[in-house]
1. Please verify whether the range 170-180 includes one or more residues that are surrounded by fewer than 17 Cβ atoms within 10 Å (Cβ to Cβ), touching a residue at least 24 places away in the same chain (Cβ under 8 Å) and farther than 20 Å from GLN138 by Cβ.
2. What residue, among those in the range 22-35 that are within 13 Å of LEU73 (Cβ to Cβ) and under 21 Å from the mean Cα position of the chain (by Cα), is surrounded by the most Cβ atoms within 10 Å (Cβ to Cβ)?
3. Might you let me know whether the range 124-136 holds any residue that is on the phi > 0 side of the Ramachandran plot, modelled with pLDDT under 85 and not in a helix (DSSP H, G or I)?
4. For the range 181-194, indicate whether the set of residues that are assigned to a strand (DSSP E or B), outside the structural domain of THR49 (by TED's automatic domain parsing), in contact (Cβ under 8 Å) with a residue 40 or more places away in the chain and aliphatic (A, V, I, L, M) is non-empty.
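The values are calculated or read from the model by the stated rules, or taken from the named source; none is laboratory data. Predicted model only: the values in this text are computed from it and were never measured. Backbone-built Cβ (ideal geometry, glycine too); neighbour counts: all protein chains shown.
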Amino acid sequence: MKTTNMKFNTLSTVQKKTYDFIKKFISENGYAPSLKDIANHINVKSISTAFFHLERLAEKGFIVKGENGSIELINQNNNESSESSMSLTNYLENCQVPLVGIIAAGVPIEAIENTNTMITIPPSMIDGKGEVFCLEVQGNSMIDAHICDEDIVVVKKQDYAENGQIVVALLDDGSATLKTYKKLKNGQVMLIPANKDFVPITLDSVKVQGKVIGIIREMH
């Protein structure tokens, strides 16, 4: 049994809620909750958010992660029974994130939302440091970057980008596009396609919605 005298006041409200839920779930069911169970309990749509809070619990010493994808809850009070120190196993199995819409790899299009579909992605694509979602690609403007029509891109949600990163960019007219980001010396932003048949888009500013971290392709 592992114990520590760390204080619960080091946890945010949602982290405490996550820890308490895992502990109660194991006690009542005899097995660990899934990431989806945790996400539902803390009222978030993405399991990557649930994973994020598990990472924070590990950093603060409330859980210990094993190499086999398991974690152990650590007793926070030396007077607690050993039953509260149990394993949450395989918490990275069946990682699913929402397919939130369609993104243009071509002429920018208005986003089409579809929040009812979940996509299974490799656990390695989730680093616990932000929300992850998927988009279906429409068009071939990024084909030379190996992103093709009907591919699914995995996107890490963030509002900034570095030169050379492939990003989801929201334009002033509400349309969205998938392009390589480049900040110009004059302060403008160039969105660069990866297809010689398309021309770059130069704008005074864009709203970055996230950067592409992976591609999922169905072979036909």
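1. yes
2. Taking the candidates together, the pick is ILE22.
3. The answer is yes, given that some residue of the range 124-136 is on the phi > 0 side of the Ramachandran plot, modelled with pLDDT under 85 and not in a helix (DSSP H, G or I).
4. no
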